[in-house]
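Derivation of every value follows stated rules applied to the coordinates shown; laboratory data play no part. This structure is a prediction, so every number in the text was calculated from the model and none was measured. Cβ placement follows ideal geometry from the backbone for every residue including glycine, while neighbour counts extend to all protein chains displayed.
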Amino acid sequence: MSFHSTELGAMLVVIFFGFLPNEVWRVLGVLFGRRIDPGSVWMQWVQAVATALLAAVVARLLLVPSGALVALPLGLRAGAVGSGIAGFLIVRRSVLAGVLVAEAVLVAGAWWLGVSP
Amino acid sequence: MLSPQVSPPLDTAPPARWFARGMRGAVSTPGLVLVATFIGFGGLLHDLAFPIGAGLLSTLLIWALPAQVILIGGLATGASPPALAVAVCLSGVRLLPMVVSLMPLMRGPRPRLGWELLCAHFVAMTLWVEGFRLLPKVAPEGRPAYAAGLGLGLTLLSMAGTAIGFYLTGALPGPLAVALLLLTPISFAILLVRNARQAVDWLAIGLGAAISPLVANSPGGLDLFWAGVGGGTLAFFIARHLPRQRA
């Protein structure tokens, strides 16, 4: 049993390693918002790092999955996300349409392959 | 862009009324898409055997799905909590320009620090988009209460989604349970494409995604850190040395 598998331990981890490091940006935005230039070179770098980080999260969830997703072949995982992006671009840049297309591809593929987690 | 001269007529409704109107504003198409992604997050919590109470607390307090997935997904792979705090902190940077740009609309005519901090807490992708759509229609006196109501409404809906996903995923047949789990990466991928405007954004997406599997299981649980800082910095410098061109 690790520390964060208990309810109280997990709550402390959420507060100290999730809430505080995340909330600091919102507080800074309130306190120094009028003095920060969102177009500065420093903020551009920070935005690039934040974007790369989010892309890395997606890639890790897709390529190195854990839990029930391991049962899905890599081609189907990547194909579902790719068709979702295509659906988003084709159907008037609608996020909902993209999500629905990806989920339809995924469910059909998983059902056809007989996947059960 | 926004002209304060054409603000709506004076409305003397009490803050509680504005708060309630804000909460009602949360029930909308973007609000429902948000609930769906939090149902996916709830499924992920169940899949990774993370306690539901702490999962709900993460939706209430962190209120930023990428940070929540980084933290809880990272814990499941055995990453060290301090390394995850660094990754969470880096992922939260995007909230700062969101708060800075939306705050003039949420602040109201008599700024109070407490209200500003409360409104800023609810700033995330959905409130940012919905705030620009809804707040200009609200009388300036009511905007802080309306924004807080909107934010709390979205948060409560998302907490309900988290709980539904957590308890639903065990009861669903295989293909549907898998669909629930992949909802989070699918919606993140689409939002990345939606928000990408310049070459640096596309480079950061490509490099971050490409480096991530290469550094998986790097010592100290720092793989997200390397992919984010390394890929982002590389994208930043490559974009600066590209010939200036506007599509």
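General observations
- Translational diffusion of the protein assembly as shown, µm² s⁻¹ [Kirkwood Rh, Cα pairs; Stokes-Einstein; 37 °C; 0.692 mPa s]: 157 µm²/s
- Helix axis angle, B:81-91 relative to chain B longest principal axis, alpha carbon, degrees: 50 degrees
- Counting Lys and Arg as +1 and Asp and Glu as -1 over every other residue whose Cβ lies under 12 Å from the Cβ of A:Ile85, the net charge comes to +2.
- Residues in the range A:41-78 that a label on B:Arg240 would reach, taking backbone N under 12 Å of a point 7 Å out along Cα→Cβ: A:41-46
- Rough spin-label spacing in nm, given labels placed 7 Å along Cα→Cβ, for A:Ile15 and A:Ser40: 3.3 nm
- Using the Cβ-Cβ distance between B:Leu156 and A:Glu7 with R0 set to 30 Å, the FRET efficiency works out to roughly 0.90.
- The phi torsions of the range B:193-202, fed into the Karplus equation with coefficients 6.51, -1.76 and 1.60 and a -60° offset, translate into couplings of 5, 5, 8, 6, 10, 10, 4, 4, 5, 5 Hz, rounded to whole numbers, with Gly and Pro shown as x.
- Inter-part distance where the range B:44-66 and the range A:20-90 are each reduced to a Cα centre, Å: 17 Å
- Cα-Cα pairs of the range A:65-117 separated by more than 12 Å (percent): 62 percent
- Kirkwood hydrodynamic radius of the range B:122-247, from the reciprocal of the average inverse Cα-Cα distance over all distinct pairs: 18.2 Å.
- Relative to the 2.2 N^0.38 Å rule of thumb, the range B:134-201 has a C-alpha radius of gyration ratio of 1.62.
- Phi-based couplings in Hz for the range B:147-154 (Karplus 6.51, -1.76, 1.60; Gly and Pro marked x): 4, 5, x, 4, x, 5, x, 5
- Considering only trypsin sites (Lys or Arg not before Pro) in DSSP loops that have at most 11 other Cβ atoms within 10 Å, the longest stretch of chain B without any of them is B:1-111.
- Per-residue ellipticity at 222 nm from helix content only, as computed over chain B with -39500 (n - 2.57) for each DSSP H run of at least four residues, stands at -22000 deg cm²/dmol.
- Degrees separating the helix B:65-76 axis from the principal Cα axis of chain B, which is the longest one: 30 degrees
- Note on chain B: Cα Rg divided by 2.2 N^0.38 Å, N the number of residues, gives 1.11.
- For the range A:21-26, putting each phi into the Karplus relation 6.51 cos²θ - 1.76 cosθ + 1.60 with θ = phi - 60° gives couplings of x, 7, 5, 4, 5, 5 Hz, in residue order, rounded to whole numbers and with x for Gly and Pro.
- Counting only alpha carbon atoms, the long axis of helix A:41-63 and the longest principal axis of chain A meet at about 30°.
- Each Lys and Arg contributes +1 and each Asp and Glu -1, all at the Cβ; summed about the Cα centre of chain B, the dipole is approximately 800 debye.
- Taken over the alpha carbons of the range A:4-117 as equal point scatterers, the Debye sum produces base-10 log I(q)/I(0) values at 0.11, 0.18, 0.20 Å⁻¹ of -0.63, -1.05, -1.08.
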